[in-house]
Amino acid sequence: MNKRIVLGITGASGSIFGIKVFESLHQLGFEIHLIISKPGEKVIKMENNLTTSYFQKKGIYIYSPDEIEAPISSGSFKNIGMVIAPCSMATLGAIANGVGNNLIHRAADVTLKEKRKLILLIRETPLNEIHIKNMLKIARAGGVIMPACPAFYNKPKTIDDLVTHLTSRVLDQLGIDNNLTQRWEKE
Ligand SMILES: Cc1cc2nc3c(=O)[nH]c(=O)nc-3n(C[C@H](O)[C@H](O)[C@H](O)COP(=O)(O)O)c2cc1C
C-alpha cells in the first residue's frame, strides 16, 4: 500500500481528534502531508496548548494553507486519501461548493476528483439546513462524512479512550489495519 496521506486540521473544536489521527498515522509509518488552517492553529493552541512545531517530525511535510503550489494541489500526487479532522462548517461549505482557494479546500477537491477517499470528521452542533445540504453534496460526490461523535458501547473511561475509538474508525475508513481499540463483541 502507498503510505502517503494528506491530513487537514481546521478551526473546529476537537483539535485533539486531528492530533490523534496524526499521531496514529505517524506511528504506523505513514508519510503525512499536513495542512493546518490559521483558525486551526489558534484552536490547537487554545485546546491543547500546542503549536505547529509539535508536528515537525520525521516523514511529515507541513504546508501553509496559502501554499497553493504544493504537490498535494495536483491530482498527479499519488496518495491513499485525505482526512480533515476536525472539519469546520466553513471548510465543509468550501469543499461542498468547489471553492479551492486555500490548500485544504484544493487538496480535498483534488481528492474527490481523483476518486480517492476523503474523510471529513465534522464538528458542529446543532446543524442548520446549510450544513446538512453541504454534507449531502459531499456524500453524493463520494466523500465520507464522519461526525466527531464518539461511541460509548466499549465503556470509555478517559477522553483519550473516546478520541482513540473514533480515530480507529477513521483508519478503518481508509482501509488501514489497526488495533487502536477493542472492537465490539457481544458479551
Ligand atoms: C474556540 C473555537 C471553537 C470553534 N469551534 C467550531 C466548531 O466546532 N465547528 C465549526 O464549524 N467552527 C468552529 N469554530 C469557528 C471556526 O474556527 C471558523 O469558522 C473558521 O473560520 C474556520 O476556518 P477553517 O475551516 O479555515 O479552519 C470555532 C472557533 C473557535 C475560536
Going through segment 65-93 one residue at a time, which ones are away from the ligand (no atom under 12 Å from the Cβ), not in a strand (DSSP E or B) and not charged (D, E, K, R)?
-> I68, A70, P71, I72, S73, S74, G75, S76, F77, N79, I80
Going by the conditions given, is P156 of a type outside the set (S, T, N, Q), in contact with a His (Cβ under 9 Å, 6 or more places away or on another chain) and more than 20 Å from I9 (Cα to Cα)?
-> yes
Subset of segment 96-129 [within 26 Å of I16 (Cβ to Cβ), surrounded by fewer than 20 Cβ atoms within 10 Å (Cβ to Cβ) and not charged (D, E, K, R)] | T125, P126, L127, N128
Filtering segment 40-77 down to residues that are among the charged types (D, E, K, R) and at pLDDT 95 or above yields E41, K42, K45, E47, D66, E67, E69
Residue check, N2 against (1) surrounded by fewer than 20 Cβ atoms within 10 Å (Cβ to Cβ); (2) at pLDDT 95 or above, all met but one. Which one?
-> (2)
Could you grab the pairs with beta carbons closer than 8 Å, sequence gap of 6+ or different chains, first residue in segment 86-103 and within 25 Å of T167 (Cβ to Cβ), second one more than 10 Å from the ligand (Cβ to nearest atom) and acidic (D, E)?
-> I95/D109; N102/D66; L103/D66; L103/E67
Just checking, which of V144, V163, V170 is under 21 Å from R4 (Cβ atoms), of a type in the set (A, V, I, L, M) and buried (at least 19 other Cβ atoms within 10 Å of the Cβ)?
-> V170
Residue count, segment 31-55 (criterion: over 14 Å from the mean Cα position of the chain (by Cα) and under 23 Å from I176 (Cβ atoms)) = 3
Members of segment 15-51 that are within 16 Å of the ligand (Cβ to nearest atom), touching a residue at least 24 places away in the same chain (Cβ under 8 Å), among the charged types (D, E, K, R) and out of contact with any helix residue (DSSP H, G or I) (no Cβ under 7 Å at 6 or more places or on another chain) = K38, K42
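The values are calculated or read from the model by the stated rules, or taken from the named source; none is laboratory data. In this text the structure is predicted, and so the values were computed from the model without any measurement. Positions of Cβ are backbone-derived with ideal geometry, glycine not excepted, and every protein chain shown enters the neighbour counts.
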